[in-house]
Amino acid sequence: MARHLVGRILQTLLSMLVVISIVFVLTRMSGNPIQLLLDVNATERDQQILTHYLGLDQPMPVQYAIYVKNIFLGDFGKSILTRRPVVEHIWERLPATAELGLVAMAMSVLIGVPLGMYSAVHRGTALDTGARIFAVLGQSMPAFWLGLMLILLFGVVLGVLPAGGRGGALNLILPAFTLGYFTSAAILRLTRSAMLEVLGSDYIKFARLKGLSEQVVLWKHGLKNALLPVVTFAVMLFVQFLGGAVVTETVFAWPGLGRLILESITTRDYPIVQAGVLVLSALYLTGNLCVDVLYSYLNPRIRHARA
Amino acid sequence: MLGRNLPWFSGAVLVALVLCAVFAAVLAPQSPTEGDITAKLIPPIWMERGDPAHPLGTDRFGRDVLSRIIYGSRISLLVSLIAIGVAGTFGTLLGLISGYRGGVTDALLMRLTDIGLSLPTILIAVVLVAVSEPSFRNVILITALLLWPRFARQVRGETLAIKEQDFVALAVVAGRSSAWIIRRHIFPNVVPTLLVISTLQVGYVILLEGTLSFLGVGVPPPNPAWGLMIADGRGFLATAWWISLFPGLAMLLTVLAVNLLGDWLRDHLDPKLRQLGGRATTLESADAVPVGAAGVPARGAAAASNIAADGS
């Protein structure tokens, strides 16, 4: 267990280093930042001073070391456009991304678990088929297109929900569903298959023989036992929201981190792009690490290995 | 009933798609890139101002939506075939070597694979393409770069199992070289699995390319990429919804067909994967895989990234 844990933490750190390196190489590929940072009227001398100040006259390995050091100190530099520290920009946008992610998470559980359970209990009925089609579609639907079609239907045609922007609870419904549809489809399938497995087991037959009411059998004996694989896997899927944020936030003009990254790509504000990608990747990798640790802890086969 | 007809549905959609891609020049009624600006924003044929020359309407430059969708199938197919070809070849090679050699080689290659699998795909792809200038070639290269670990991981697992078989031991005793054994004994046995993963990745690549193109960091305009067309119609949702709707439908149908075919192939070709998810119909058997795969955490993470497709 301890060995497994140390291994996983080391691997996460390595992955983070790979992301940092990719971003480092990209920033060096994307042209000389001096020209972007300085005024058009800057003299040769100004350029030299800034080059020296930023450490760009140092050999590459030294530059890389400085770069990594600054990241671990939380210093991402300043935005080229606004001249404000990049960290401020990130902090401004992070709450919106977190809000959207949490609501999408709740929504996909509230859709996926009951539908999956219903689908398993009423196997073979029209509603079961409907739920399964909902799930299969969810794994083939381009999220950006789904978002636009939801805007078209609920925003333009029916005019019942706002088409974009951040505001009240109503503004959250469409983007949260767009971000969460894929996950709710996956959760539905998982719940359904786990429930089917549990319902076929001996202890469910025994519970029924004991004369327990169907509700108690389903909810207490059934769902409780079916939920473990669903929960661990769902958490794993939620981490993926961090990647999907770029798409959903763009479609719904949601002022989050994903949209900030894309805007900064367009304006060539690379310090923000770097920091945004690093922050999202760090969250993503940490999330995956937590899931893995949680899973190994819950699973006795792994917990007791080499104990 | 639902399950049994699925291969036919998939087959029909995919044959139609390939025909569209190959015979685009014959099938498309208009040019995919040149439009008549005086004929812009014409609605589909069944609507009031519809024009028989443009069955699915025109976009803001007067380009024919149907023709662009037909030509767009080329982009989706080419990107996914080439990217999967490159990633599949590279990943399979590494997987075979890693699984057969074992030891330090295996440990190193698999750590590399784990790192590759743990990266947030969409995010990295967006930034990579954006900085390296959006182009057809870069989209393919970057997709392949992000995809190979999925092949390597699976092929390595298969190789480990096949390596223990008697016919491999006999070949070793007979003095055959490692390269010969891998080529003649191991690789042919990996092919069914390879076919299944490749098919399941096609849908993923089409969605990834669509997402990149939609965000403006994929295939550059005026190419008729489906993702680009959907992005084009964004500003016209209220007035000309058909610009975005139809290319999205084409993409949905294609990915759906490929995914169902992949599920079906997995159930019928690959006995090992079938054990994980063996149940009566296609839709159901796909359910069981994540549960089974989550049994081992390292593979669980891989399965998650396969299934989740980064929320795209």
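The values are calculated or read from the model by the stated rules, or taken from the named source; none is laboratory data. Predicted model, so just to flag it, every value in this text is computed and none were measured. Reconstructed Cβ throughout: ideal geometry from the backbone, glycine too, with neighbour counts over all protein chains shown. Keep in mind that these areas ignore ligands, DNA and RNA; they rest on the heavy atoms of the full protein, side chains included. Shrake-Rupley method; radii C 1.70, N 1.55, O 1.52, S 1.80 Å.
Quick look at the numbers
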item	result
Buried on assembly, region B:178-211 (at least 10 Å² less accessible surface than by itself, 1.4 Å probe)	B:Leu207, B:Thr211
Residue among A:Leu5, A:Met60, A:Val19 farthest towards the positive dipole end of region A:2-72, charges placed on Cβ	A:Leu5
Reduction of at least 10 Å² in accessible surface, 1.4 Å probe, comparing all protein chains with the chain by itself, residues of region A:204-236	A:Pro229, A:Phe233, A:Met236
Estimated dipole of the protein assembly as shown in Debye, rounded to 20 [Cβ of Lys and Arg +1, of Asp and Glu -1, Cα centre]	1700 debye
Accessible area (Å², per residue) of region A:89-306, counting only protein heavy atoms and a probe of 1.4 Å	39 Å²
Size of electric dipole in region B:196-272: Cβ of Lys, Arg +1 and of Asp, Glu -1, about Cα centre, debye, nearest 20	80 debye
Selected from B:Ala161, B:Val104, B:Leu195, residue furthest toward positive end of dipole (region B:79-273; charges at beta carbon)	B:Val104
Per residue solvent-accessible surface (Å²) - region B:1-123, probe of 1.4 Å	49 Å²
Debye, to nearest 20: dipole size of chain A, +1 on Lys, Arg Cβ, -1 on Asp, Glu Cβ	1240 debye
Kyte-Doolittle mean at least 0.0 and Cα axial length at least 30 Å: DSSP H helices in chain A	A:2-29, A:86-121, A:169-199, A:270-298
Average Cα contact separation per residue, region A:89-306, under 8 Å, 6 or more apart, as relative contact order %	26 percent
Accessible area, probe 1.4 Å, largest first, for residues A:Phe76, B:Phe151	A:Phe76, B:Phe151
Chain A, accessible surface, carbon-and-sulfur percent (1.4 angstrom probe)	68 percent
Aspartates and glutamates with Cα under 16 Å of A:Lys210, excluding same-chain neighbours fewer than 8 positions away	A:Asp202
Ratio Rg/Rh, restricted to the protein assembly as shown and using Cα atoms, in which Rh is the Kirkwood radius	0.98
Protein heavy-atom accessible area occluded, A/B pair - total, 1.4 Å probe, Å²	5500 Å²
Most mobile listed residue (A:Ile151, A:Ile133, A:Ile187) in chain A, GNM with C-alpha springs under 10 Å	A:Ile133
Residues of region A:255-281 buried by at least 40 Å² on assembly (accessible area, 1.4 Å probe, chain alone as reference)	A:Leu262, A:Ile265, A:Val277
